[in-house]
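Q: Please find one structure pasted underneath; my questions will follow.
The values are calculated or read from the model by the stated rules, or taken from the named source; none is laboratory data. Source: prediction; values computed, not measured. Backbone-built Cβ (ideal geometry, glycine too); neighbour counts: all protein chains shown. Ligands, DNA and RNA are excluded from the accessible area calculation, which covers all protein heavy atoms including side chains. Shrake-Rupley method; radii C 1.70, N 1.55, O 1.52, S 1.80 Å.
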Amino acid sequence: MANSEESNPLLAKQNQELETKDEKRSNTTDKHGAAPPPVMAVKQSAKAVSMGWTADGVPLSLLGEPMVQRAQWDSGLFSCLGRHDEFCSSDLEVCLLGSVAPCVLYGSNVERLGSAPGTFTNHCLPYTGLYFIGNSVFGWNCLAPWFSYPARTAIRRKFNLEGSCEALARSCGCCGSLVEDEIQREQCESACDFATHVFCHACALCQEGREVRRRLPHPGFNAQPVLVTIPPGPQTMGRGA
C-alpha cells in the first residue's frame with residue numbers, strides 16, 4: 001500500500017522544497033556546530049510511532065495520525081445476558097435473537113454499522129440462505145460464519161477495540177512477536193475473528209450486538225420528527241335558554 005506522500009503530488013512537492021531548504025541550512029550551520037535540521041528530527045521520531053488502523057483498514061501512521069490506545073469490548077464473549085443497566089432489556093433481546101433468529105441479529109448489527117438503504121435485507125437474506133443450506137446439508141451452521149465474520153472485523157476497527165491476539169499478549173504474554181508487527185497482528189486478528197464466528201458463532205453475534213447497541217443508535221431513530229396538525233372538530237351552536 002502506497003503512503004499518502006506518494007499518492008498526493010502536492011505533499012511531495014512541499015516535502016522536496018522543505019528538504020532543499022533544510023539542506024541549505026544544514027550546509028551553513030554545520031560549519032558552526034549547530035543542531036541537525038528539524039525535519040530530520042521529525043522523521044526520526046516518526047519512525048518510532050507504531051501504526052494503528054482506521055475503519056477502512058488504512059494504517060493511521062500512513063495518514064500522519066498518532067495511534068490511539070485500543071479499548072476493550074463492553075462485554076465478554078460469553079456474557080450473553082449482558083449487564084444489569086439501562087440496556088438490560090436490550091441485552092435479553094439480543095440473546096434471544098442470537099439463539100432463535102441469528103439472521104435478524106446479524107442484519108441488525110450490520111444495519112447499525114452502515115447507513116446505506118437496504119443494508120438489513122442485503123445481509124439478512126444471504127445469511128438466511130447459507131444458514132439453511134449449512135444446517136440441511138452439513139447438519140450445523142458452518143457456511144454463514146464465512147459470510148458474517150467480516151462484520152466483527154469492521155466493528156473492531158471502527159471502535160478501535162482490542163483483538164484476541166492483543167488480549168492474549170496482555171494477559172499471558174504470548175503472541176508477543178505478532179503484536180509488535182502491525183500487519184502481522186491485523187492478519188492474526190482477522191483469523192481470530194473468523195475462528196470466533198466458526199466455533200462460537202451465536203456468542204460472537206450477541207457480543208457484537210451488545211457492542212453496537214451501546215455505541216450506535218438505530219438508523220431509524222435518527223429520522224426527523226414529523227409534525228402532524230389535527231384540524232378542529234365540527235362546532236355546533238347551542239340554543240339559548
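Q: Could you grab me the full set of residues in the range 193-232 that are more than 24 Å from residue 118 (Cα to Cα) and either of a type in the set (A, V, I, L, M) or modelled with pLDDT under 65 (or both)?
A: Listed by number, the residues that qualify are 195, 198, 227, 228, 229, 230, 231.
Q: Does the range 92-113 contain any residue that is modelled with pLDDT under 80, open to solvent by less than 80 Å² (accessible area, probe 1.4 Å) and of a type in the set (A, V, I, L, M)?
A: Scanning the range 92-113, I find no residue that is modelled with pLDDT under 80, open to solvent by less than 80 Å² (accessible area, probe 1.4 Å) and of a type in the set (A, V, I, L, M), so the answer is no.
Q: Pull out all pairs, ordered by first then second residue, where Cβ-Cβ is under 6 Å, the residues are six or more apart or on different chains, the first lies in the range 206-218 and is in contact (Cβ under 8 Å) with a residue 40 or more places away in the chain, and the second is of a type in the set (Gly, Ala, Ser) and part of a helix (DSSP H, G or I).
A: Pairs that qualify, where the first residue is in contact (Cβ under 8 Å) with a residue 40 or more places away in the chain and the partner is of a type in the set (Gly, Ala, Ser) and part of a helix (DSSP H, G or I), are 206/98; 213/90.
Residue by residue, here is whether (1) in contact with an Asp or Glu (Cβ under 8 Å, 6 or more places away or on another chain); (2) under 18 Å from residue 194 (Cα atoms) holds:
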| site | (1), (2) |
| --- | --- |
| 132 | no, no |
| 139 | no, no |
| 146 | no, yes |
| 151 | yes, yes |
| 165 | yes, yes |
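Q: Output the residues belonging to the range 166-188 that are in a helix (DSSP H, G or I), hydrophobic (A, V, I, L, M, F, W, C) and modelled with pLDDT of 75 or more.
A: 167, 168, 169, 183, 188
Q: What is the one condition in (1) open to solvent by less than 30 Å² (accessible area, probe 1.4 Å); (2) under 20 Å from the mean Cα position of the chain (by Cα) that residue 127 does not satisfy?
A: The number of the failed condition is (2).
Q: I need the full set of residues from the range 137-147 which are farther than 15 Å from residue 77 by Cβ and part of a helix (DSSP H, G or I), in order please.
A: The answer is 137, 138, 144, 146, 147.
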